[in-house]
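Asker: Below is one structure. I have some questions about it.
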Amino acid sequence: MTELNKIALKIISNGKGILAADESNGTMTKRLEAVNITSTPKNRLLFRETLFSSDSMKDCIGGVILYDETIKQTSSIGKSIPNLISDSGALPGIKVDTGAKELANSYEEKITEGLDGLRDRLKKYYELGARFTKWRGVYSISEKYPSQLAIKSNAHALARYSALVQESGMVPIVEPEVLMDGSHSADICFKKTSEVIKKCFDELIFHKIDLTGIILKPNMILDGSLSKNKISNEEVSIKTVECLKNSVPSEVPGIAFLSGGQSEIDATENLNLINKNNDTNFIMTYSYGRALQQGALKIWSKDINNIQTTQNTFNHRAKMCTLAAQGKWSSELENK
Ligand code: 13P
């Protein structure tokens, strides 16, 4: 077993999942302003520190993805944020892409940037305690899209990123996100997601990536958010497992889904059914941003100094996700 494989397994084994708390300052400002909280470095830290010092960190969270600002911050008890996280038993991770920009010659699509200077940035993040990283490619579905240009160029960037991250001794989370925006069917999402993921692995293999030392972070197979016909959660889980079985090489240790705008309950229930229907060797868990934080953020915004109530809400959500990552979640447990 390689060191990278050990790190990947430490993050996602035994029902543990990933807390994606790597919103850029722009995205975090939108999230905070939506609940009438001013977005300052202090408030962003306060909310995140509240989550990172919750009880559920020990049993449920194997890794936390941080943003550049947060990995350099110090908690109210004087610990660095990476130390606060590793003291709970989880591994600190870091988002290293610098965002999705207009793709030249296909201006309605996006290409993720951040390769320039990446090798040096990775060294600094490793020194700060990071042991894994994230890079998100984003693809939208319409009649024309995603284009071959977007599929190929984002796969290439994900592979170059992964090579540099593994060279630095960290595990890359490879995140090709096919967005749920639009009125497309789940079958189209299946087709496009399969194509995107296969292309990513073509490039990862071409760039000699150790596939046992990565974590794939894909979307689930869903109807577009504007589609009138919604397939059932059971169908979502069957299609999602089928898609991944056909497009992910068997060496990959695990898959950690993004929530992508699903409600907390849908993201939990779908993950639970995915695990019940999982006839692959892949660990299937969560790497949720919104679906782990939404409820806690709402409660926290009512009184930002009420740490306990915020943590209770987060603990419950993390516990439910961890049950779902083992196929042991139920609506009775959810509402207990
Ligand atoms: P969501 O779970 O909110 O989609 O966020 C996960 C993530 O890290 C997106 O890049």
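Asker: Of everything in the stretch 256-269, what is surrounded by fewer than 23 Cβ atoms within 10 Å (Cβ to Cβ) and not in a loop (DSSP other than H, G, I, E, B)? Give them in sequence order.
Answerer: Within the stretch 256-269, E264, I265, D266, E269 qualify.
Asker: What number goes with the only condition from (1) over 19 Å from the mean Cα position of the chain (by Cα); (2) outside any helix (DSSP H, G or I) that T50 does not pass?
Answerer: T50 satisfies all of (1) over 19 Å from the mean Cα position of the chain (by Cα); (2) outside any helix (DSSP H, G or I) except (2).
Asker: So, one more: Can you tell me which of (1) crowded, with 21+ Cβ neighbours inside 10 Å; (2) part of a helix (DSSP H, G or I); (3) touching a strand residue (DSSP E or B) at 6+ places or on another chain (Cβ under 9 Å) is the one G63 doesn't meet?
Answerer: So the condition that G63 fails would be (2).
Asker: Something else: So, in the stretch 111-160, of the ones that are within 16 Å of the ligand (Cβ to nearest atom) and polar (S, T, N, Q), which residue ends up surrounded by the fewest Cβ atoms within 10 Å (Cβ to Cβ)?
Answerer: S140
Asker: Residue check, T280 against (1) hydroxyl-bearing (S, T, Y); (2) under 17 Å from L179 (Cα atoms); (3) more than 12 Å from the ligand (Cβ to nearest atom), all met but one. Which one?
Answerer: For T280, the exception is condition (2).
Asker: Do any residues in the stretch 304-325 that are surrounded by 16 or more Cβ atoms within 10 Å (Cβ to Cβ) have Cβ atoms under 7 Å from those of residues that are of a type in the set (K, R), where the two are at least six apart or on different chains, and which pairs are they?
Answerer: T322/K16
Per-residue answers, yes or no, for (1) in contact with a helix residue (DSSP H, G or I) (Cβ under 6 Å, 6 or more places away or on another chain); (2) within 26 Å of D279 (Cα to Cα); (3) within 16 Å of the ligand (Cβ to nearest atom):
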{"position": "E177", "(1), (2), (3)": "no, yes, yes"}
{"position": "M180", "(1), (2), (3)": "no, yes, yes"}
{"position": "D187", "(1), (2), (3)": "no, yes, no"}
{"position": "D202", "(1), (2), (3)": "no, yes, no"}
{"position": "P253", "(1), (2), (3)": "yes, yes, no"}
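Asker: Any idea which residue in the stretch 16-36 is farthest from the chain's Cα centre (by Cα), counting only those that are more than 10 Å from the ligand (Cβ to nearest atom) and basic (K, R)?
Answerer: That would be K30.
Asker: Here is a follow-up. Considering every residue within the stretch 283-291, establish whether at least one is more than 16 Å from the ligand (Cβ to nearest atom), touching a residue at least 40 places away in the same chain (Cβ under 8 Å) and of a type outside the set (F, W, Y).
Answerer: yes
Since every read-out is calculated from the coordinates, none of them should be taken as a lab result. Nothing here was measured: the structure is a model prediction, and the numbers come from that model. Ideal geometry is used to build each Cβ from the backbone, glycine not excepted, and the neighbour counts take in all protein chains shown.
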